[in-house]
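Participant: Take this structure, written in structure tokens, and hold onto it; I'll ask about it next.
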Amino acid sequence: MAQPKLIVIASPSGGGKTSIVRALIERHPDFEFSVSATTRQMRPGEVNGKDYFFLTEQEFKELIARDELVEHEFFYKTYYGTLKREVDRALREGHSMIFDVDVKGAQSIKKKYPNDTVQFFIAPPSKEILEQRLRNRKTEDEEKLRRRFERMPMELETGKTFDHVVVNDDLQHAIDRVDSIVKKFIQ
């Protein structure tokens, strides 16, 4: 039986990480998806413990103080993070876990679980294409887009330090490339 592993996928917003994670979970139904904790409000149709672990800001800060998060970030007035107990449970039960996180979260996971983690940075073909993808989604106003664009240089630079960099110039090709590396890693 293969050792359980942590498969960490990161990219700038619009890079394709969520699409790649979904495809990997479909191809590997035995993988567990890492459900993040957040302080944002639950949206209609979301389920606590399935979409996110919804916490109060006080609960989240207590987890930080007790070092019970593998990684955490504060984005746009909201906390997000990964519960250490969930990662430890998955590994203990023999399940590989897949993460859809930002670059800083990916670095934290690798630092805390160096022998169990493989990182993938999903790079855009160019900054211009990434900006166009974000604008075409029409999910964010200009202020949110500006903040994402400001963060992009740091994300692109940090991504260069990952175990694997996969350029997402064709989504199916990027999925296949990540999957072929994952298969080698989990053997």
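Participant: In whole Hz, what ³J(HN,Hα) sequence does region 129-134 give by Karplus (6.51, -1.76, 1.60; θ = phi - 60°), x for Gly and Pro?
Facilitator: Result, ordered by residue: 5, 4, 4, 5, 4, 5 Hz.
Participant: Residues of region 8-50 with backbone nitrogen within less than 16 Å of a virtual label 7 Å along the Cα-to-Cβ line of Phe75, please, listed as ranges.
Facilitator: Residues passing the 16 Å test: 8-22, 34-43.
Participant: Here's another thing I want to ask about it. Compute the separation of the alpha-carbon centres of region 39-109 and region 145-169 and state it in Å as a whole number.
Facilitator: Answer, in whole Å: 21.
Participant: Continuing with this model, one more query. Mind grabbing the base-10 log of I(q)/I(0) for region 95-187 at q = 0.21, 0.25 Å⁻¹? Debye formula, identical points on the C-alpha positions, no solvent, two decimal places.
Facilitator: These q points yield log10 I(q)/I(0) values of -1.16, -1.39.
Participant: A further question follows. By a straight-distance test (C-alpha under 17 Å), which aspartates and glutamates pair with Lys112 as possible cross-link partners, with residues fewer than eight away in the same chain excluded?
Facilitator: Straight-line reach from Lys112, under 17 Å: Asp67, Glu68, Glu71, Glu73, Glu86, Asp88, Asp100, Asp102, Asp163.
Participant: Give me the mean projected area, in nm² to one decimal, of the convex hull enclosing the Cα positions of region 4-94. Don't skip to the answer; put the middle values down first.
Facilitator: Values: hull surface 26.6 nm².
If you wrap the Cα atoms of region 4-94 in a convex hull and average its projections, you get 6.7 nm².
Participant: Follow-up question, since we're still on this one. Among the trypsin sites (Lys or Arg not before Pro) in region 115-149, which ones are in a DSSP loop with at most 14 other Cβ atoms within 10 Å of the Cβ? Mind listing them? The partial results should precede the final answer.
Facilitator: Working: sites: Lys127, Arg133, Arg135, Arg137, Lys138, Lys144, Arg146, Arg147, Arg148; in loops: Lys138.
Taking region 115-149 and a limit of 14 other Cβ atoms within 10 Å, the loop trypsin sites (Lys or Arg not before Pro) found are Lys138.
Participant: Please list, in order along region 11-26, the HN-Hα scalar couplings obtained from phi with the Karplus expression 6.51 cos²θ - 1.76 cosθ + 1.60 (θ = phi - 60°), rounded to whole Hz, x for Gly and Pro.
Facilitator: 5, x, 4, x, x, x, 4, 5, 5, 5, 4, 4, 5, 5, 5, 5
Participant: As a quick test, which of the pairs Lys61/Lys127; Lys5/Lys127; Lys5/Lys77; Lys84/Lys110; Lys50/Lys127 have an alpha carbon distance above 24 angstrom in this structure? If you can, show how the numbers build up before the last one.
Facilitator: Working: Lys61/Lys127 35 Å; Lys5/Lys127 31 Å; Lys5/Lys77 32 Å; Lys84/Lys110 13 Å; Lys50/Lys127 33 Å.
Correct reply: Lys61/Lys127; Lys5/Lys127; Lys5/Lys77; Lys50/Lys127.
Participant: While we're here: Per residue of region 92-105, what does 6.51 cos²θ - 1.76 cosθ + 1.60 with θ = phi - 60° give for ³J(HN,Hα)? Whole Hz please, x for Gly and Pro, Karplus curve as stated.
Facilitator: Karplus-based 3J(HN,Hα) across region 92-105 equals 4, 7, x, 9, 6, 10, 10, 10, 10, 9, 7, 5, 5, x Hz.
Participant: Now for a different question. Of His173, Ser11, Thr158, which is farthest on the positive side of the dipole of the chain, counting Cα position, with +1 on Lys and Arg Cβ, -1 on Asp and Glu Cβ, and the Cα centre as origin?
Facilitator: Projecting each Cα onto the dipole axis, the largest value belongs to Thr158.
Participant: Compare the peptides 163-173, 38-48, 78-88 by average per-residue count of other Cβ atoms within 10 angstrom and give them in order, highest first.
Facilitator: 78-88, 163-173, 38-48
Participant: Amide H neighbours of Leu69 under 5 Å, counting only residues 5+ apart in sequence or on other chains, H built in-plane at 1.01 Å?
Facilitator: Distant-sequence amide H within range of Leu69: Lys84.
Participant: Assigning unit charges at the beta carbon (Lys, Arg +1; Asp, Glu -1) and nothing else, what dipole magnitude in debye, to the nearest 20, does the chain show about its Cα centre?
Facilitator: Dipole of the chain, to the nearest 20 debye: 120 debye.
Participant: For Asp163, what residues show an amide H to amide H distance below 5 Å, using hydrogens built from the backbone and excluding near sequence neighbours?
Facilitator: Residues meeting the amide H criterion: Gln119.
Participant: Dividing the alpha-carbon Rg of the chain by 2.2 N^0.38 Å yields what?
Facilitator: Numbers: Rg = 16.2 Å, N = 187, 2.2 N^0.38 = 16.1 Å.
Against the empirical 2.2 N^0.38 Å value, I get 1.01 for the chain.
None of the figures in this text is laboratory data; all of them are computed from the coordinates on show. Computed from a prediction, not measured in an experiment: that's the story for all the values here. Cβ: placed from backbone, ideal geometry, glycine included. Neighbour counts: every protein chain shown.
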